[in-house]
1. Can you sort 352, 111 from fewest to most other Cβ atoms within 10 Å of each residue's own Cβ?
2. By how many nm would the segment from residue 119 to residue 89 grow when fully extended, if each residue of separation counts as 0.36 nm and the alpha-carbon distance is taken off?
3. Would you mind calculating the relative contact order of the stretch 3-155 from Cα pairs under 8 angstrom and at least 6 residues apart, reporting the percent as a whole number?
4. List the lysines whose Cα sits under 20 Å from the Cα of residue 261, skipping any in the same chain fewer than 8 residues away.
5. Which of rounded, prolate or oblate describes the stretch 3-155 when judged by the alpha-carbon gyration tensor and an a/c cut-off of 1.5?
6. Rounded, prolate or oblate: pick one for the stretch 173-237, where a ≥ b ≥ c are the square roots of the eigenvalues of its C-alpha gyration tensor, a/c under 1.5 means rounded, and failing that, prolate if a/b is larger than b/c, else oblate.
7. Can you bin the stretch 81-162 into rounded, prolate or oblate? Criterion: square roots of the alpha carbon gyration tensor eigenvalues sorted a ≥ b ≥ c, rounded for a/c under 1.5, prolate for a/b above b/c, oblate for the rest.
8. By counting other Cβ atoms within 10 Å of each Cβ, how are 374, 116, 183 ranked from fewest to most?
Amino acid sequence: MTNDAALSSEAVALADCLGELVARMRSAEAELGALLVEIEQRGVMELFGYRSAARLLEHLADMPKPATERLIKRARLINPGRNLDGSPIPALAPATGAAARAGRLSNPMIDVITNVLTQVPPEHCASAETNLLAFAEEAGHKQVAALGARILAHLVPDGPAPDDTEPVVPTRELFLRHKRTGVWELSGRFDDETGTRAHALLDALAERRTGDDGPDFRTTPQRYGDAFSDAVDLALNSPDLPMQAGERAHVMVAVSLEDLKSGVGKATLGDTGTMTAAEARVHACDAMIIPAVLGDKSEPLNLGRLRRLISAGLRRALFLRDRGCAFPGCHRPPRHCQGHHIRHWADGGPTDLTNLVLMCAHHHRLLHRSGWEVRIAADGLPEFLPPTFIDRRRKPRRNNLHEPLPFTA
Ligand SMILES: [Zn+2]
Ligand SMILES: [Zn+2]
C-alpha cells in the first residue's frame, strides 16, 4: 500500500479498472486473431465466398484495411498454421501467443517480439522468445526492441544473407507449361522494351479494386496474375486478332446439363483443362461465351434451344444501362465485363435486359460464390443485396460510379 499512498483510493480503483479493461481488450483481440487464422485455414472462400480473412473482417467489422491486415499478419505469427495437406505447422512464437491470449502483451510488444524471432536462427528461437517475454513483463516495447537488437547482433552478426540474384539477361523467350496438377506455369525473358510495355499494360490492369465487397486484399502477385488474365481477355476480344475477328474467342466448356444445373461435378475446358461444375456455371453464365452442354450420353445438346448468346443490340443496351460493372463501388468499364444471368439460363432464365447484369469477372465470381444477390429494381436498374453477415437487414446497394457527373458535357 506504500507505493499507492500518494494516490487517492479513487484513482487506484480507476487505474485497476483501466488495467482490467485493457487486458480484456488485448485478450479478445488475440482470440479474434486466432479465430481468423482458423477460418483462413478452413477456407474463407468456401465458408464466406470472400477472398481473404482480412477482407471479410474489414467488411464485417467496418475496420480500416491496414488494421485488419496487421491483425491477421500478427495472428499468423503467434498461432499454429497448417500445410496444404492439413498437417500442422507450429507457431513461430507459441509462448507469445499464450501471453497475448492472457491479455498480457500490447500489439507493439507482440510485433517487436515476432520481428526478432523471424530473424533469429531456428535453433535459438525458443530461448530468444523466453528471454524477450520475461523482459516484456517489466518493460515497454521500446526497451524490449533494444534487447531484441542486442540478441540479433549476437546471433546474426552479419545481418541477413545478401540477395545475389543475377540481373535478367535481355532476350525474348516465353514458356507456358500445363502442369499435371492442372495449373499453368508461365515464365520468360524479354528485352527492355517489351518488358517495359508489358509492365505498363499489367500495371494499368493490376490497380487495386474498389467495391462494397470491401477493400482489395490481393497480394501484388495475385493482382498481377488477375491483370494477366484480364490482358488475355482483352487481346482475345480485340478485332485485330487473326482468329475470330470481332467475337470473343470461343473457349469450349463441356459440361452435362445436369451438372450445370446442380453446380456439382466436373467439366472440361478446351482440349485438356478441367474445372469444377460450379466454375463452369460461372463461365456458362457469361452471356458472351458459348459452352458445349452435353446430354446424358455426352452428346452435344441442341445449342439452338439453349441459345442465350446476347445479340449486338442487347449488348449495347446492357452497356448503356450499366456503363460498367454494376457491383456497388466497382470502377471496371464495360470492356472488362461479362453478362451475368440473374436467373441462370440453364434454369430457364431469359437472355434479356430484365435478367442480365454487367459485371467484371471478379465480382461475377463473388456473386456466384457468396451470399450477395442481385435483382432488377422497379426503375429497371440493378441493385445488390449484401449477405446477412454483412448487413442483417440486407438493404439494397447500387453502383453510382458510372453515372455521368451533372457538370460534364
Ligand atoms: Zn453469373
Ligand atoms: Zn466489378
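Quick note: the coordinates plus some simple rules give every number you see, no bench work behind them. Since this is a predicted model, take the numbers as computed values, not measurements. Ideal geometry is used to build each Cβ from the backbone, glycine not excepted, and the neighbour counts take in all protein chains shown.
1. The order, fewest Cβ neighbours first, is 352, 111.
2. 9.0 nm
3. 20
4. 297
5. Here the stretch 3-155 falls in the oblate category.
6. Oblate.
7. Here the stretch 81-162 falls in the oblate category.
8. 183, 374, 116
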